[in-house]
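Below is one structure, written out as structure tokens; the observations come after it.
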Amino acid sequence: MNATVKKTRPDLVRRLLLARGADPEDTLRLDTLFSPLGKQQMLGMREAIQWIAYAAQARWPVLIVGDYDVDGAAATAILRKGLGPLFPLRSLVPNRLTEGYGLSESVADRIGSDIRMVITVDNGIAAHAGIARLKARGITVIVTDHHLPGATRPPADVIVDPNQPGCPFPFKSTCGAGVAWYLLWGLHQTYGEQWVSKEKVLYDTLDLVALATVADLVPLERNNRILVANGLKKIRAGQVNPGLSGLMMHAGVDLEHITEQDFGFRLGPRLNAAGRLADIQTGINLLLSQDAENIAHWSSMLEGINAQRKEIQSQMERQAQEIVDQTGDQGDPVICVGSDAWHSGVVGIVASKLKELYQRPAFVLTATGDVGQTAQGSGRSMPNWHLRDALARVESQHPDLMHKYGGHAMAAGLSFPKNRYEEFRRAINQVAMEQVKGQFAVNLWDDGALSGDELTVEMAKAIEEAGPWGQGFPAPVFVNDFVVESSKTLRGGHWKLVVNLVEPEAVGLAVRVQACRLQACRLQAIHFLDGKEVASSPPPPGFRIRTRYHLQVNRWRGEENLQLHMEQIWPAPQPVAMPSAESVSRSDEQSGLDQQGSFPPAFSPG
């Protein structure tokens with residue numbers, strides 16, 4: 001399954017990979033994955049394997065305690081598939097709305113008296129009280145997690161977490177589903193002769209690891225890129241998880257050409273919606289199912305829940321933006337907004353939207369608890385500010401402020417008494433000002449400009465094939481000037497454009513404007529509204545724009561065409577030298593220049 005046909009990559013693609021620290025010759029073969037039991041193994045892996053082997057021999061009833069997001073659902077499904085033949089096995093996921101995150105005391109109290117072993121996935125590293133309650137009942141606890149640990153170790157029998165102190169495993173960004181998959185791999189390496197389905201179980205769950213890795217927004221270190229690349233390859237070959245296939249049908253994902261973007265923007269949100277508004281067990285059932293009727297039922301249910309999530313999210317986003325705009329600039333580097341009426345399952349997405357819109361870290365909170373006296377919410381950060389560490393700093397300065405907190409560099413969750421909201425707002429902003437000197441920088445990086453020869457569907461396909469691209473390994477983005485040939489507003493307000501590439505010819509320190517049209521390259525483009533547009537309507541014909549964009553392959557009815565996905569659009573600066581009268585006349589006829597040889601000063605005419 002690792003046979004790879006080596007292709008010669010275009011120079012542009014090689015340059016893009018080198019700029020991201022990757023080897024252009026790397027084929028991301030599955031058999032080059034870092035081993036879970038090598039010299040730099042995951043700490044606790046061997047002990048966890050021994051405990052599981054003992055439980056299998058004794059036929060202990062075992063419970064998996066998962067999490068209510070895509071990573072937790074995929075990790076639960078992976079271990080259910082892999083460990084199911086060994087002992088009586090079932091799973092439990094906390095209810096986001098009533099129990100919150102992780103193996104809490106209330107979750108521990110729900111675990112039946114018959115259970116002899118609990119294995120956590122995508123949680124547990126901070127579950128001190130819940131684990132202590134299980135240990136008091138004589139239950140063996142194995143924690144598999146990837147979140148950052150606190151100052152003290154929970155009282156589990158074994159912890160497998162690449163981020164725990166002393167773990168030599170180098171790829172710290174492995175997601176929860178990745179850690180669970182590695183646990184199965186370690187079992188196969190240790191007891192392979194007793195495991196008939198050795199190769200099949202690992203390969204069969206690879207697409208779930210790939211989905212979770214992208215959806216959980218962990219950095220795409222080489223190990224993660226291998227997992228995602230091979231998971232995508234598996235799906236494109238038609239060997240897809242049946243439940244995932246049902247979800248793909250509802251999402252309109254092309255199985256043969258699925259990309260990592262489909263994981264992040266189409267499939268992931270549909271699974272996440274169940275954990276946000278209902279019960280993620282629906283998603284887990286889907287990922288475990290082999291029955292066509294059940295798959296159709298659960299995927300249709302997830303589609304409906306996701307539509308409901310979109311409606312709730314849209315309303316919350318509008319209200320949150322109104323609060324931010326009404327309060328004005330208070331000098332806070334960190335946005336904090338909240339409402340008793342907001343849905344706790346959607347606050348994280350809204351925080352992400354606010355962060356993108358205002359280019360500042362954002363916390364979005366809602367009231368929870370029996371009498372609504374607890375503020376619970378999520379935060380999203382900007383690069384170079386570690387949000388979980390910032391909350392740890394708040395805790396050290398205000399030890400009794402927060403009930404609990406946890407998360408990553410870019411995302412975190414927390415809760416505290418609602419009547420101490422202002423105290424939290426001041427505290428988190430004070431920490432931000434201490435840790436980040438000046439304003440949060442908005443760094444708009446790019447991979448440079450492309451020539452007309454590089455703006456081809458073949459180049460877009462070569463970039464696509466060189467992936468996966470994603471968190472920590474960003475998709476290539478280019479910057480060029482174009483002249484708008486036509487533009488229109490689509491349903492939802494998004495912009496559809498036809499543009500011509502501007503490739504001015506340098507003449508000393510001047511620029512010949514007539515070269516813009518003589519070397520024109522006609523291209524289709526799309527821009528999805530993100531709230532940061534410099535105008536309310538698309539640029540009119542004849543307008544010259546500068547844009548940051550991605551190359552995309554637009555596949556429709558069996559045809560493949562190049563499309564530019566424009567992220568930002570601005571009026572382009574004028575050339576440094578005015579053209580001659582002759583060239584103005586010729587360019588005016590061809591490209592819509594006005595009599596002064598310049599374009600309108602705004603996107604909207606007049």
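Read-outs: derived from the displayed coordinates by stated rules, not from any lab. Because the structure is predicted, anything quoted here is derived from the model rather than measured. Neighbour counts are summed over all protein chains in view; Cβ atoms, including those assigned to glycine, are modelled from backbone coordinates with ideal geometry.
Points worth noting:
- Given their separation in residues at 0.36 nm each and the Cα-Cα distance between them, Gln290 and Ala58 gain 80.6 nm when the chain is fully extended.
- Calculated on alpha-carbon atoms, Rg and Dmax of region 386-470 in Å: 21.0, 62
- Residue-wise HN-Hα couplings along region 332-339, as the Karplus relation 6.51 cos²θ - 1.76 cosθ + 1.60 with θ = phi - 60° gives them from phi, are 7, x, 10, 7, 10, 9, x, 7 Hz; Gly and Pro carry x.
- For region 329-435, with +1 on Lys and Arg beta carbons and -1 on Asp and Glu, the positive-most of Ala392, Ala409, Asn429 along the dipole: Ala409
- Distances between placed amide hydrogens fall under 5 Å for Gln164 paired with no residue 5 or more residues away or on another chain.
- Residues with amide H under 5 Å from that of Cys336, placed H, sequence gap 5 or more: Phe363
- Distance between modelled label sites at Ser451 and Arg426, nm, 7 Å Cα→Cβ extension: 6.1
- Equivalent ellipsoid of region 329-435: semi-axes from √(5λ) of the C-alpha gyration tensor, largest first, are 19, 16, 12 Å.
- Anchor Lys404: aspartates and glutamates whose Cα lies under 14 Å away (excluding residues fewer than 8 positions away in-chain): Glu99, Glu105, Asp389, Glu395
- In region 35-303, the C-alpha radius of gyration followed by the widest Cα-Cα span (Dmax) gives 17.3, 51 angstrom.
- Taking the Cα centre of region 295-421 as origin and assigning +1 to Lys and Arg Cβ atoms and -1 to Asp and Glu Cβ atoms, the resulting dipole is close to 240 debye.
- Where chymotrypsin sites (Phe, Trp or Tyr not before Pro) fall in DSSP loop in region 401-468, at most 13 other Cβ within 10 Å: Trp445
- Straight-distance crosslink candidates among aspartates and glutamates, where the alpha carbon sits under 17 Å from Lys39 and sequence neighbours closer than 8 are dropped: Asp31, Glu47, Asp161
- All-pairs Cα distance distribution in region 37-128, expressed in whole percent, bin size 5 Å: 3, 13, 22, 24, 22, 12, 4, 1, 0
- Here the 3J(HN,Hα) profile of region 485-498, calculated from phi with Karplus coefficients 6.51, -1.76 and 1.60 at θ = phi - 60°, is 8, 8, 7, 7, 9, 8, 4, x, x, 5, 9, 10, 10, 10 Hz, Gly and Pro shown as x.
- Estimated translational diffusion coefficient (Stokes-Einstein, Kirkwood radius over Cα pairs, 10 °C, 1.306 mPa s) of the chain: 60 µm² per second.
- Taking label positions 7 Å along the Cα-Cβ direction at both Ser300 and Glu434, the computed distance is 5.6 nm, reported to one decimal.
- Reachable aspartates and glutamates from Lys355, criterion Cα separation under 12 angstrom, eight or more residues apart if same chain: Glu317, Asp530
- Close amide H partners of Thr374, meaning residues 5 or more places away or on another chain with modelled amide H under 5 Å apart, are Thr368, Lys418.
- In the structure shown, the pairs Lys172/Lys310; Lys353/Lys437; Lys81/Lys172; Lys135/Lys200 are assessed against 27 Å; a Cα-Cα span above that value is assigned to Lys172/Lys310; Lys135/Lys200.
- Residue-by-residue Karplus 3J(HN,Hα) for region 454-470, coefficients 6.51, -1.76, 1.60, Hz, glycine and proline x: 8, 8, 9, 5, 5, 5, 4, 5, 5, 5, 4, 5, 7, x, x, 10, x
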